[in-house]
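The values are calculated or read from the model by the stated rules, or taken from the named source; none is laboratory data. Please read these numbers as outputs of a predicted model, since none were measured by experiment. When we count neighbours, we look across all protein chains shown, and the Cβ atoms used for this are built from the backbone with ideal geometry, even at glycine. Ligands, DNA and RNA are excluded from the accessible area calculation, which covers all protein heavy atoms including side chains. Shrake-Rupley method; radii C 1.70, N 1.55, O 1.52, S 1.80 Å.
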Amino acid sequence: MVVLGIESSAHTFGVGVVDNGRVLSNEKEMYKIGTTGMIPAKAAEFHVKNAPEVIARAMERANVGPKDITGVGYTRGPGIGPCLQVGELSAKSVADELGVKIVPVHHGVCHIEIVRALSGLKNPIVLYVSGGNSQILKRMEKPKPHYHILGETFDIGVGNMLDSFAREIKLDPAWGSSVEKTALGGDFIDLPYTVKGMDFSFTGLQTRATELAKEGKSNRDLCYSMQEVAYAMLCEATERALLLTKSTELCVAGGVAQSTKLKNMLVEVAKEHGAKFGYAGNEYNADNGAMIAFVAEMMLKKGVHSRIEDCDIEQKYRTDQMVLP
Ligand code: FE2
């Protein structure tokens, strides 16, 4: 079964092709945020301009033609409205033109499912960390199969916190990866640490680090300390989830899972509790179309798809709202 997946929830327009769980191609174009951050209308314009070429390139790299495609998946949410709409409309026109089935999927569930499949884990505790989301989840079967949220951020996602701070101190590009580079060799400064059970909060940490930056504290020390504190908070809450559920598997997924530092800290948590640790290559932690195609194919194999006229987007689509294949 050959399935095309379209991702457009934020700055990336990604298209992937999957055949029976095997990724044949994973192409993308990224709207460059520079030091200004995301401007939704500009990002959507970028996606409109790039969509036809990225779709064509993904099919060419996968060596498939229109007649080979069985279905098309797209990100229903969560994400930025104008960006999501471009993916939705692109998927609708592909489905209509080729006469194939269409499957709306949840962006975060796709990040998780591809990591789970590639790492061979069955039902891990999942730390899902991205720009807009930071959650600890576990698959539950009732009332319908879904990812149950054990804990999550009270306010902003850890990725947004790092990106906003990068903007504040004028790193270019204003990403968490620039914070990780700047942090090398830094010294620790005490910053607010907020964990309540399996939930956590990042705004106090962000506010204090920003204040200290304005007071002239070194960017290197602040980047280092912000990462140390934020990732320690995530690790504490994740460790609690492992202990409470007695799970023997742990994985990390989402944009912030690209951080080597976070992965190293989670390896230690897993080791401490005798749990297997799973993660995927950065091409699947960054936003990408292959993970969308991957889950859309899983859904199609279970006979789940939507009518084109019923397809929509949901900016605030929660991870626990998608019924799993
Ligand atoms: Fe993502």
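What is the sum of charges, Lys and Arg at +1 and Asp and Glu at -1, for the other residues whose Cβ falls under 11 Å from the Cβ of V195? Before the final figure, lay out each step's value.
Numbers: positive: K196, R240; negative: D199, E236, E239.
For residues surrounding V195, the net value is -1.
Amide H to amide H under 5 Å from I102: which residues, 5+ apart in sequence or cross-chain, H placed 1.01 Å off N in plane?
Here the answer is V72, S306, since their amide H atoms fall under 5 Å of that of I102.
Looking only at I114, I125, I39, which one moves most when the chain is put into a Gaussian network model with springs between Cα atoms under 10 Å?
I39
By accessible area of protein heavy atoms, probe 1.4 Å, what ranking do Y193, Y317, Y231 get, highest first?
Y193, Y317, Y231
Net charge near G186: determine it from the other residues with C-beta under 10 Å of the C-beta of G186, scoring Lys and Arg +1 and Asp and Glu -1.
-2
Pick out which of L212, L244, L191 has the largest mean-square fluctuation in a Gaussian network model of the chain, springs linking Cα atoms closer than 10 Å.
Maximum fluctuation in the GNM of the chain, among the listed residues, is at L244.
Using amide H atoms built in the peptide plane, which far-off residues or other-chain residues are under 5 Å from D199 H to H?
Here E152 satisfy the definition.
Among V54, T260, P145, whose Cα sits farthest toward the positive end of the charge dipole of the chain (+1 at Cβ of Lys/Arg, -1 at Cβ of Asp/Glu, about the Cα centre)?
Of V54, T260, P145, it is P145.
For an R0 of 51 angstrom, estimate the FRET efficiency from the Cβ-Cβ distance between N282 and I308 and round to the nearest 0.05.
0.95
Might you tell me the accessible area per residue for the chain, computed with a 1.4 Å probe and given in Å²?
Accessible area per residue, the chain: 43 Å².
List the trypsin sites (Lys or Arg not before Pro) within the range 108-146 that fall in a DSSP loop (any state other than H, G, I, E or B) and whose Cβ has at most 14 other Cβ atoms within 10 Å.
Counting only loop positions with at most 14 other Cβ atoms within 10 Å, the trypsin sites (Lys or Arg not before Pro) in the range 108-146 are K122.
Take the Cβ-Cβ distance between D320 and E215 as r, set R0 to 35 Å, and report the resulting FRET efficiency rounded to the nearest 0.05.
0.30
Beyond 29 Å between alpha-carbons counts as too far, so tell me which of K42/K261; K28/K316; K28/K214 fall in that bin.
K42/K261; K28/K214
Which of the GluC sites (Glu not before Pro) across the range 161-266 are loop residues per DSSP, with 15 or fewer other Cβ within 10 Å?
When the GluC sites (Glu not before Pro) of the range 161-266 are filtered for loop state and at most 15 Cβ neighbours within 10 Å, E215 remain.
Share of the chain's accessible area from carbon and sulfur, percent, 1.4 Å?
Details: 6970 of 13870 Å².
C and S atoms contribute 50 percent here.
Compute the length gained on full extension between F154 and E141: take 0.36 nm times their separation in residues and subtract their Cα-Cα distance, giving the result in nm to one decimal.
This chain segment gains 2.1 nm when fully extended.
From the convex hull of the Cα coordinates of the range 119-283, what is the mean projected area in square nanometres?
Hull-based average projected area comes out at 9.6 nm².
In whole Hz, what ³J(HN,Hα) sequence does the range 246-257 give by Karplus (6.51, -1.76, 1.60; θ = phi - 60°), x for Gly and Pro?
Once θ is set to phi - 60°, the couplings for the range 246-257 become 6, 6, 10, 9, 9, 9, 10, 9, x, x, 6, 5 Hz.
At most 13 other Cβ atoms within 10 Å and a DSSP loop assignment: could you name the trypsin sites (Lys or Arg not before Pro) in the range 4-108 that fit? Write out the running numbers ahead of the final one.
Values: sites: R22, K28, K32, K42, K49, R57, R61, K67, R76, K92, K101; in loops: K32.
Sites meeting the loop and neighbour criteria: K32.
State which helices in the chain qualify, where a helix is a whole DSSP H run, it must extend 27 Å or more along its own axis by its Cα atoms, and its mean Kyte-Doolittle hydropathy must be at least -0.5.
Within the chain the helices that satisfy the rule are 40-62, 219-245.
Where does the chain land on the Kirkwood hydrodynamic radius, alpha-carbon pairs, in angstrom?
One decimal place: 19.9 Å for the Kirkwood radius.
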